[in-house]
Structure formats: structure tokens, C-alpha cells
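Quick notes on the structure that follows.
The values are calculated or read from the model by the stated rules, or taken from the named source; none is laboratory data. All values derive from a computational prediction rather than experimental measurement. No Cβ is skipped: glycine too gets one built from the backbone with ideal geometry, and neighbour counts run over all protein chains shown.
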Amino acid sequence: MTAHTKPPTNDLEAFWMPFTPNARFKADPRFVERAEGMYYYTPEGRPVLDATSGLWCVNAGHCRPRIVEAIQRQAAHLGYATSFNLGHPKAFELASRLANLLPGDIDHVFFTNSGSESVDTALKIALAYQRARGKGSKTRLIGRERGYHGVGFGGISVGGMVNNRKQFGTLLAGVDHLPHTHDPDRNAFSRGRPQHGGEAFADALERIVALHDASTIAAVIVEPVAGSAGVLVPPTGYLERLRAICDRHDILLIFDEVITGFGRLGAPFAAEYFGVQPDLITMAKGLTNAAVPMGAVGVRGGVYETLMDGSEGGIELFHGYTYSGHPLACAAGLATLDTYRDEGLFARAASLARAFETAVHSLAGAPHVVDIRNLGLMAGIELASRPGEPGARGREAYHHAFDRGVLIRVSGDTLAFSPSLIVEPSQIDQIVAVTREVIEGLE
Ligand code: PXG
């Protein structure tokens, strides 16, 4: 042993775990060791049914052989090439495939490595676009309360989760927020899209425009369905009205589809599901089935062309990552898109959505349940917080479900469900049955 090597250790201290209460986890850790299809397996070999697609990302299920083999082949063939001034075929192929899948005239793709980078990239493209078309005063970015757009400074600035913002100073200047669309008094226990308030919530954008003037606003960014905030489904008419107001005032509309993209709602993208055309779409997660990290921004032709035309032959956008268009990610992305297509997984999600809705709403009436929300293959079950202990019921539910063989996701006291699109009806039943037992056992 040389002086600078250390003996192997199972010390849990070195890894600073993200978005985790480290001390609490390390005092009572839970591990998974491998995965296949709908299941994780603990180091002891116990199966855990994954009701969250990893973290809303393994849309085709875990360790799909076609995707694994594509990555293995690519790693041995061309493991890395820069996309700065150099091409490799799979990046162009994947961008073309995505352009075909993306809605309307969103036909150009900028590659990143994560959802957070996709959001910051989209915000930068919006600012650069306004400047390139001679509207350099349009610099404000509008997000929404309870929005989650990753953890870059742009994303937390337009995002609306106070815990993700308050530790980090003043954030980006010139940002404002729409109100969130959650209205439990009128919309609790809605099946699918809630009925009340859509247009009024969107009209808040008119007030923001009246306050700041449209000449100062570059873009609005929203999740079509808010995921991390606990599955907040937009009321009917909301997204349509946001689009109309953006059009009226010459403001770009960005849909953050990091969660809703790639079949989560039973369509390739939420834009198509809702019939609302954004100007930019951010994506990540399901793009590669999470097998290799990758994100992307889809951009409308007009936005792309404006930036191309304005550059006089130089670099059109001073932006990019060492790993933009990474060959392994491109190989994973292509194999993932093939899997979605050949297995008809988006249509499968659409066909399961009603049964999933019925199953999750069967928990209405279970103890502590104050709201149930769903769309496509995403659902949130909100529990009343235990007095003085917000988050405790959610945390206990997560642990008890894991110990009974089901992995769920928890945001505060809201349990979130987003199974892979390969989920079987019997597995939906198992997820709901275990959730019921767990909720019934909570104090
Ligand atoms: N936008 C949206 C809409 C997201 O959901 C991101 C951006 C950021 O992606 P990256 O790849 O940078 O993490 C996300 C990520 C949860 C949870 O518990 C959700 C996300 C991340 C972590 C936890 O709901 N979504």
C-alpha cells in the first residue's frame, strides 16, 4: 500500500448526498444495489417495486438491454468527442430524431447534461434571441411560485421553492413570478385537469405585464404540470391562456418538460397533450432513460434562425458544455427513442392513465389524505401534516413503503407516483395497496 492510498472503507461520511438530510440518512441508511425493469434490488436481494421511475426519469424501466448494449458499443467505439467545431454522427442523428418528435416547428436542439443546465440554457437563449432581434430591453424572466427548474442560478431564480432559494443570496435580478395554480378549496380530488380558476390564474400574467411593461419581459417559464411541488395539474384553459397572453405581448413561452417529456402524460410531450405550442422546450431525464446523463433544449425555427442571422458568420451563441452531445448519451438517447417507438410506450401510458387514476383515487377517504391529483402516469397524494411536524408523515410513509417493497417519492407531506411506462396493472394495484397500508399505519 502506498502512502496516499487508504484501505477500502464503507464509511458513509465522504459522500455528501444531494437533497438529503445526511445525518438522518447515515444513521439509518437504505441501499439499492441493482435494478431491472420495474424493480430495484437491495444488497440482500430483496425486490423493491419502483413507483417513481428512479426520479421521474427511467421512463422505459431499468437497465433495458437494448439501451445498455448501445452504451457499451459506443463506449468501445467513440467514448468522447467534443462538439465544439467537430462533429460526430450520433449527435446529429439524435437531434434530428428529437426534432421529429418535438411538437410543431420546434426543430432545433441544443444538448446539455441535465435538466438544470437545460433550463439555464433556455433562459440564455431567450435573452440572446431578444437581443439579436433588436429587443435588448426584454430581459425579465417570469417563473411561477412552487415551480421547480433545477438548481442552477437561473433555475432557482425563476423557480418558486423557497427552500431551494433562501440559502443562496439575491439570485438573478429582474425575475418575477406568477402565482401557483393550486386551489384545494375548489379543486381538491380533481380527476385529471381541475376545472376551476385556469383563466384567472393565467390572467395574473397580464398584471405582471402591466407592472413591468412587455418591453422589459423576455420569457415566461412554467412546468406544464408541476412535478416536484407535488404534482400540481394546470386547471383547464390555463396553459392556453398563458400562450395567448405571451403572444399578445411578444413574450417567449418556455415549457419545462424535464418531467412531462417522453410519454409521462401519454404523449411525447405535454405541449402535444395540452395542444399548446411553446417556443422552447427543456428536457432531460427520460431523454436517455437516465442511463447516461443528458438534457436538451428544443427551439422553434424562428428563434434559431434569428440567432443564426444575427451573427455575421461568427459563433451565434456563446454557450455550451464539454459534454454537450456526449457520444454515450447520444447512443443511449437513440436506443431510448427506439425503445419508446418500438414498444409503443407513449400510447401504453395513455391507455393505462384511466386505470391509474381510478387506482390512486381509491385512496380518497384513507386517513390523513387531504387531496389526490393525477394526470397521465403522474399522481400526488397529499397528506395533512402532523401538527408541528411538517414533512414527518411524508418521511415515515417513504420509509415504511420502502420496507414493504415499494419505492415512492415524497415532497413534504405529498407522496408522488410516476411509474415507468412499462408498469403492469397488477403493479399499479400493488403500489396503491402498499400505500394504503402505509397511510393507515401513520399516526
Ligand atoms: N426542471 C424540472 C421540471 C425538473 O423536474 C429539473 C428541471 C432539473 O433537472 P436535473 O437533471 O438538473 O436534476 C427537474 C428535476 C423530485 C425531484 O423529487 C425532481 C427533480 C429533481 C430532483 C427531485 O420531484 N426534477
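Inspect all residues belonging to the stretch 378-395 and state whether any of them is in contact (Cβ under 8 Å) with a residue 40 or more places away in the chain, of a type in the set (A, V, I, L, M), in a helix (DSSP H, G or I) and within 19 Å of residue 365 (Cβ to Cβ). Outline the logic, then answer.
At the first step, the residues of the stretch 378-395 found to be in contact (Cβ under 8 Å) with a residue 40 or more places away in the chain are 378-383, 386, 393.
Keeping just the survivors that are of a type in the set (A, V, I, L, M) gives 378-379, 381, 383.
Okay, now just the ones that are also in a helix (DSSP H, G or I), so none.
No, that holds for no residue.
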Checklist outcome for this item: Scanning the stretch 391-418 for residues that are within 14 Å of the ligand (Cβ to nearest atom) and under 30 Å from residue 344 (Cβ atoms), the one surrounded by the fewest Cβ atoms within 10 Å (Cβ to Cβ) turns out to be 407
Next on the checklist: Any residue at all in the stretch 83-92 that's assigned to a strand (DSSP E or B), of a type in the set (D, E, K, R) and within 21 Å of residue 290 (Cβ to Cβ)?
Outcome noted: no
Checklist entry - When you look at residue 367, is it surrounded by fewer than 18 Cβ atoms within 10 Å (Cβ to Cβ), within 13 Å of residue 439 (Cβ to Cβ) and not assigned by TED's automatic domain parsing to the domain that holds residue 228, yes or no? => result yes
Next on the checklist: Checking residue 40 against (1) more than 23 Å from residue 376 (Cβ to Cβ); (2) part of a strand (DSSP E or B); (3) not hydrophobic (A, V, I, L, M, F, W, C), only one condition comes out false. Which one?
Outcome noted: (1)
Next on the checklist: I need the full set of residues from the stretch 336-365 which are under 15 Å from residue 61 (Cα atoms) and of a type in the set (S, T, N, Q), in order please.
Outcome noted: 336, 339
Item to check | Test: residue in the stretch 356-364 that is assigned to a helix (DSSP H, G or I) and surrounded by fewer than 17 Cβ atoms within 10 Å (Cβ to Cβ) | outcome: yes
Next on the checklist: The conditions are (1) more than 30 Å from residue 134 (Cβ to Cβ); (2) hydroxyl-bearing (Ser, Thr, Tyr); (3) over 20 Å from the mean Cα position of the chain (by Cα), and residue 340 fails exactly one of them. Which is it?
Outcome noted: (3)
Checklist entry - Within the stretch 145-181, can you find the residues that are touching a Ser or Thr at 6+ places or on another chain (Cβ under 8 Å), outside any helix (DSSP H, G or I) and in contact (Cβ under 8 Å) with a residue 24 or more places away in the chain? => result 148, 149, 150, 151, 152, 161, 172, 174, 175
Checklist entry - Got at least one residue in the stretch 186-209 being in the same structural domain as residue 281 (by TED's automatic domain parsing) and within 16 Å of the ligand (Cβ to nearest atom)? => result no
Checklist entry - Here is a list of conditions, (1) in contact with a Gly (Cβ under 9 Å, 6 or more places away or on another chain); (2) farther than 22 Å from residue 324 by Cβ; (3) within 16 Å of the ligand (Cβ to nearest atom), and residue 119 meets all of them except one; can you say which number that is? => result (2)
Item to check | Failed criterion for residue 185 (all others in (1) touching a residue at least 12 places away in the same chain (Cβ under 8 Å); (2) part of a helix (DSSP H, G or I) hold) | outcome: (1)
Checklist entry - Quick check: anything in the stretch 126-148 more than 24 Å from residue 179 (Cβ to Cβ) and within 17 Å of the chain's Cα centre (by Cα)? => result no
Checklist outcome for this item: (1) within 16 Å of the ligand (Cβ to nearest atom); (2) surrounded by fewer than 16 Cβ atoms within 10 Å (Cβ to Cβ); (3) closer than 22 Å to residue 118 by Cβ all hold for residue 162 apart from (3)
Checklist entry - Is it fair to say residue 153 is closer than 30 Å to residue 19 by Cα, of a type in the set (Phe, Trp, Tyr), surrounded by 23 or more Cβ atoms within 10 Å (Cβ to Cβ) and at pLDDT 95 or above? => result no
Checklist entry - How many of the residues in the stretch 188-229 are outside any helix (DSSP H, G or I), under 30 Å from residue 361 (Cβ atoms) and acidic (Asp, Glu)? => result 1
Checklist entry - Is it the case that the stretch 260-282 has a residue that's within 11 Å of the ligand (Cβ to nearest atom) and either farther than 17 Å from residue 101 by Cα or over 12 Å from the mean Cα position of the chain (by Cα) (or both)? => result no
Next on the checklist: Looking at the stretch 243-254, can you tell me whether even one residue there is within 16 Å of the ligand (Cβ to nearest atom), farther than 20 Å from residue 122 by Cβ and not in a loop (DSSP other than H, G, I, E, B)?
Outcome noted: no
Next on the checklist: Which condition from (1) in contact with a Phe, Trp or Tyr (Cβ under 9 Å, 6 or more places away or on another chain); (2) buried (at least 17 other Cβ atoms within 10 Å of the Cβ) is the one that residue 70 breaks?
Outcome noted: (1)
Next on the checklist: When you scan the stretch 101-114, do you find a residue that is assigned to a helix (DSSP H, G or I), of a type outside the set (Val, Ile, Thr), away from the ligand (no atom under 15 Å from the Cβ) and more than 26 Å from residue 310 (Cα to Cα), even just one?
Outcome noted: yes
Item to check | Single residue of 389, 357, 343 found to be under 21 Å from residue 441 (Cα atoms) and of a type outside the set (Val, Ile, Thr) | outcome: 389
Item to check | Verdict on residue 293 being in a loop (DSSP other than H, G, I, E, B) and touching a Phe, Trp or Tyr at 6+ places or on another chain (Cβ under 6 Å) | outcome: no
